[in-house]
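Data first, discussion second: the structure below is written as structure tokens.
What follows is calculated from the coordinates using simple rules that are stated; it is not laboratory data. Keep in mind that what you see is a predicted model, and the values were worked out from it rather than measured. Quick reminder, even Gly has a Cβ in these numbers, built from the backbone with ideal geometry, and neighbours come from all protein chains shown.
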Amino acid sequence: MLRLDSDAQYVKGVGPRRAALLASRNIRNVEQLLLHLPKSYQDRAHFISLSALRIGQDAAVHARVYRSRIIQTRTRGRILDVILTDGSSFVHAKWFHGGYLQTREFSAGREVVLFGRVDFDRYESKFVFFNPEFELLDEGEDSTSLDLGRYVPVYEEVGGITSRQLRHIIAAALADLAKDINDPLPEDIRASHNFPDLRTCLERVHFPETDDDIGKLNQRRSPYHRRLIFEEFFLLELIFALRRLESRSREGVRFETSERIRQLVKMILPFHPTGAQKRVLKEIVADLKAPYPMMRLLQGDVGSGKTIVAFEAIVIAVANKYQAALMAPTEILAEQHFLNAKRILTPLSYRIAVVRRGIKKAEKQELLEKIASGEIQVIVGTHALIEEHTVFKNLGLVIIDEQHRFGVVQRLQLMAKGKSPNTLVMTATPIPRTLAMTLYGDLDLSVIDEMPPGRSPTRTLHAVERDGESVYRMIANELNQGRQAYVVYPVIEESEKIDLKSATEGFKKLLTIFTGRSVALLHGRMKSEEKEQTMAAFAAGQIHVLVSTTVIEVGVDVANATVMLIEHAERFGLAQLHQLRGRVGRGAHQSLCVLMTPSRLNDVARERIRAMVSTTDGFRLAEVDLELRGPGEMAGTRQSGIPEFRVANLITDGELLSLAQKEAQRFADRSEERGKLIEALSGKVRLVTVG
């Protein structure tokens, strides 16, 4: 008998060679094999006779090969043309570029099942299936029960193992599977949501009965799909719920918020905070005063004022005689946070430092000693902050920016540098609700959903390179009205020298176009002091056009800058484009963002540009980004600690995710159930602990 954790090679029809092919798709045991679900289902219980076919109809037919031949064409390569008959009529099936299909496989009299859309071949005046799905049935083989006379599952091929072969392998696995398999879903959840038990799900999701709804099966909305999707989400959300319980059982760093500290916070505010900022700060302060450590995610659109809220939390930490650490994913972003910290916290004379690459060994050693002694109060850096030699005296607040570029492990490593410090995670641009629930399910959520008053929405245009002159005229017009402009070039680390060269050439070109204007170049290889001076001069209005290879994404707030020209916009991601656009539109004047691209774009780049032009809503753009890239690429889930979903889909299954989160929290709160659930979880997922 097989168990769910049995090696897949012991399933009848697999063996060592096919097991290696399955392993290449991360299918190593019986459970993973059974969660390789059909991509579609065909109704082979009700075949349509060839004499009853209609043009435009999606049809499954069961027939025999009458004749097959290869046709050589100039434009479409080799076409396989097969004539089929079921005794009532004839129909053609044609596969373009079908040279890989052998006519000997379609020998006369061979039984075949075909599925596709009925078309009309105007050249031969015949009904025809163009490039249909097909299966060849072997004479004398007992295939009827699995391949005919029922709703038949169709699988995506795995390493050359065909759909039909997978169907027979999965049937064998189910036949040999032990009857008493463990069901990790609590019985009352199954009952309250009409979810079938696991055994029934696995059998019917692969081999449904004819009384099942084939429409729902093909939409992944059958009771069997819904239960398996819910289970994946439930187990993940249960981990998060247990983590929240565990973190709240630890003694955290408690901060006071006296009148003196409130006055210190007010000293750094550049403007009167919005209602949303006040609400979020109130949520953060309540966490900081609690006996357990804060674990909070701060979301908000570009320009909504997340940065200043984070610095308010830093003030509270330092005023309580604790250190605060701010970790960013890149040297450039860490540098910008450091410059912002120096500017924003100037009134309070805090001792601030950045831990970065490229500083001399003696200087770095002195810096690390000052951090370890507590002399440095605010520490900004990248992954260097979690390295072994970076030691804090009394770390009380951890702020992690752009969290989804880090893994869960890195977040926990930084937290382990202190004794249960308070943790605030920020995302530079909004992330979709479903992704937030799976990336940050163990964090409480705060959302700044209000923009500061007195800002005009930014207009976004798409221009191709041949429109350059008219774009420069628009920029000149803004400069004539006393405004300023950014021109940004992409920087990709692998091609930094080439990118820097193109930006330098662009800078020289703009010097000749905007004669009499102050044009400056900002790039990642400049020394920190030079960058600081350049940004300060731009903020003071002394520089009119700032050309940058440095992705000026975070915290750059120059209200007089009204134009953002992004060169080679097709090389930026959607979140990055939105973040760059957020550098303008910070004052009362109408702002403009121009996305400059070549005239030819691939489909994904075109969709990104179209989305940017159509909306300035970062939450909507996040959903588009999820649809375009998928959750794995968008979040880097392989390195973020999230299990790879085999059944669930974050784009389409949000309703079941919400339900799973609610039920997981309810069950985690019930101590009598917690032990059984943890035991069920232990075999399903690997929990990460650090420190």
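So which trypsin sites (Lys or Arg not before Pro) in the stretch 189-254 are both in a DSSP loop and have at most 13 other Cβ atoms within 10 Å of their Cβ?
On the way: sites: Arg190, Arg199, Arg204, Lys216, Arg220, Arg221, Arg226, Arg227, Arg243, Arg244, Arg248, Arg250, Arg254; in loops: Arg220, Arg221, Arg250, Arg254.
Sites meeting the loop and neighbour criteria: Arg250.
Students often forget the sequence filter, so: which aspartates and glutamates lie under 15 Å Cα-Cα from Lys266 once same-chain residues fewer than 8 apart are removed?
Glu312
Give me the extension gain from Ser107 to Arg260: residue separation times 0.36 nm, minus the current Cα-Cα distance, reported in nm with one decimal.
Values: separation 153, 0.36 × 153 = 55.08 nm, distance 8.99 nm.
Taking 0.36 nm per residue and subtracting the Cα distance, the gain is 46.1 nm.
Determine by what factor the alpha-carbon radius of gyration of the stretch 458-615 differs from 2.2 N^0.38 Å, reporting the quotient.
Values: Rg = 14.6 Å, N = 158, 2.2 N^0.38 = 15.1 Å.
Compared with the compact-globule rule of thumb, the stretch 458-615 sits at 0.97.
What FRET efficiency comes out for the pair Ile181/Gln9, r = Cβ-Cβ distance, R0 = 22 Å, nearest 0.05?
FRET efficiency, Ile181 to Gln9: 0.70.
Averaged over every viewing direction, what's the projected area of the C-alpha convex hull for the stretch 184-305? Give it in nm², one decimal, please. Write out the running numbers ahead of the final one.
Numbers: hull surface 49.7 nm².
Averaged projected hull area, Cα only: 12.4 nm².
Work through the residues other than Leu395 whose Cβ is under 10 Å from its Cβ and net out their charges, Lys, Arg +1 and Asp, Glu -1. Please list the in-between numbers first.
On the way: positive: Lys393, Lys417, Lys419; negative: none.
The answer is +3.
Given 37 °C and 0.692 mPa s, compute D for the chain with the Stokes-Einstein relation, Rh being the Kirkwood radius over Cα pairs; round to the nearest whole µm²/s.
On the way: Rh = 29.3 Å.
Using the Kirkwood radius from Cα pairs, D works out to 112 µm²/s.
Between the stretch 250-316 and the stretch 1-35, what is the C-alpha centre distance in whole Å?
51
Roughly speaking, what is the stretch gain from Arg459 to Asp669, that is 0.36 nm per residue apart minus the C-alpha to C-alpha distance, in nm to one decimal? Let's see the in-between values first.
Working: separation 210, 0.36 × 210 = 75.60 nm, distance 4.84 nm.
The Arg459-Asp669 span can extend by a further 70.8 nm.
Rounded to the nearest 500, what is the chain's calculated 222 nm mean residue ellipticity when only DSSP H runs of at least 4 contribute -39500 (n - 2.57) each, over all residues? Before the final figure, lay out the partial values.
Values: 23 runs with 266 residues, N = 691.
That comes out to -12000 deg cm²/dmol.
Using the Cβ atoms and a cut-off under 12 Å, what net charge is assigned to the surroundings of Arg351, where Lys and Arg are +1 and Asp and Glu are -1?
Numbers: positive: Lys342, Lys370; negative: Glu375.
The answer is +1.
Give the cross-link partners of Lys508 among the lysines, using a straight C-alpha distance below 29 Å as the criterion and excluding same-chain residues fewer than 8 apart.
List returned: Lys497, Lys527, Lys531.
Which length gain, in nm to one decimal place, applies between Glu156 and Gln481 when the Cα-Cα distance is subtracted from 0.36 nm times their residue separation?
On the way: separation 325, 0.36 × 325 = 117.00 nm, distance 6.01 nm.
Stretched fully, the Glu156-Gln481 segment lengthens by 111.0 nm.
Dividing the Cα convex hull volume of the stretch 5-116 by residue count, how many Å³ per residue is that? Walk me through the intermediate numbers first.
On the way: hull volume 18.6 nm³, N = 112.
Convex hull volume per residue, Cα atoms: 166 Å³.
Lys and Arg at +1, Asp and Glu at -1: add these up for the other residues within a Cβ distance under 15 Å of Thr512 and post the number. Mind showing how you got there, number by number?
Working: positive: Arg473, Lys508, Lys509, Arg517; negative: Glu469, Glu505.
Computed value for this residue: +2.
Sort 599-608, 583-592, 347-356 for me by packing, meaning the mean count of neighbouring Cβ atoms within 10 Å per residue, highest on top. Before the final figure, lay out the partial values.
Numbers: 599-608: 13.7, 583-592: 20.4, 347-356: 17.1.
Taking the mean over residues of other Cβ atoms within 10 Å, the ranking is 583-592, 347-356, 599-608.
Excluding residues fewer than 8 places away in the same chain, name every one of the lysines whose C-alpha is closer than 30 Å to that of Lys179.
Lys12, Lys39, Lys216, Lys676, Lys684
Each residue of the stretch 523-538 in order: what ³J(HN,Hα) in whole Hz does its phi give by Karplus 6.51 cos²θ - 1.76 cosθ + 1.60, θ = phi - 60°, with x for Gly and Pro?
8, x, 8, 6, 5, 4, 5, 5, 4, 4, 5, 5, 5, 5, 5, 5
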